[in-house]
1. Assign unit charges at the C-beta atoms only (+1 for Lys and Arg, -1 for Asp and Glu), then state the dipole size of segment 119-185 relative to its Cα centre in Debye, rounded to the nearest 20.
2. Take the residue pairs 17/90; 17/154; 7/91; 16/90; 16/158; 90/179 and return only those whose Cα atoms are more than 30 Å apart.
3. In degrees, nearest 10, range 0 to 90: what is the angle between the Cα axis of helix 38-56 and the longest Cα principal axis of the chain?
4. Which value, in debye to the nearest 20, gives the size of the charge dipole of segment 1-76 about its Cα centre, when Lys and Arg are +1 and Asp and Glu are -1 at the Cβ?
5. Could you tell me what percent of the accessible area of the chain is made up of carbon and sulfur, with a 1.4 Å probe and every protein chain present?
6. Among [x] 12; [y] 40; [z] 18, which is the computed percent of Cα pairs over 30 Å apart?
7. What does the extension gain come out to for residue 36 and residue 90, with contour length at 0.36 nm per residue minus their alpha carbon separation?
8. If you average the sequence gap of Cα pairs under 8 Å that are 6 or more apart and divide by the length of the chain, what percent do you get for the contact order?
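The values are calculated or read from the model by the stated rules, or taken from the named source; none is laboratory data. Remember, predicted model here, so these are calculated numbers, not experimental data. Positions of Cβ are backbone-derived with ideal geometry, glycine not excepted, and every protein chain shown enters the neighbour counts. Heads up: the accessible areas ignore ligands, DNA and RNA and are worked out on the full protein's heavy atoms, side chains in. Shrake-Rupley method; radii C 1.70, N 1.55, O 1.52, S 1.80 Å.
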Amino acid sequence: MIILASKSPRREELLKKLCAEFKIISGDAAEIETSANPRELAIKNAALKAETVARDFPDDTVIGADTIVVLNGEIFGKPHGETGAFEMLKKLSGRRHEVITGLAIVSGGETFTAAETTEVYFGEMTDAEILAYVATGEPLDKSGSYALQGGAAKFIEKIHGDWSNVVGLPLFRLRTLAKSAGINF
């Protein structure tokens, strides 16, 4: 059985595009919040999530993912309340940043990892626009304080790379990682 080690409804919806049957079991792994290498941080957190769940389900294949937003080396995870969301979005306004998702698949006692990076370009946002978006509540549980598939779509000028990565689960990278682990969806 395939297990998605995540509480994210967005990841669940995306995984359905690759795999018809899977279970969702989120572990209680304590995520690492800082690192000098954002890509490695995302991979480590994805592995922590997958390995925590795999301990209880050693005969299953467990998928973990962790998405972060990076602006000039500064890592943006989930915001600390409305003020944190406003501050993140203010920094992202009119700027290019990267969205990095680390992936981990635990299968047969082995952990396979990869990461995907997508460039996202935000247009300029006024303080009033940011405040109105934050007031919707949508940014409060999202890395970087925004959802490409939600209300932030109107602020995104363009993206270079995999759109599903920005949503939280890069489907093409996950599919190729699964193949390297001997798993076919």
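1. Numbers: 6 positive and 8 negative charges, 106 e Å.
The calculated dipole for segment 119-185 is roughly 500 debye.
2. In this structure, 17/90; 16/90; 90/179 lie more than 30 Å apart at Cα.
3. Around 40 degrees separate the two axes.
4. 240 debye
5. It is 48 percent, rounded to a whole number.
6. [z]
7. Once the chain is fully extended between residue 36 and residue 90, it gains 17.1 nm.
8. The value is 22 percent.
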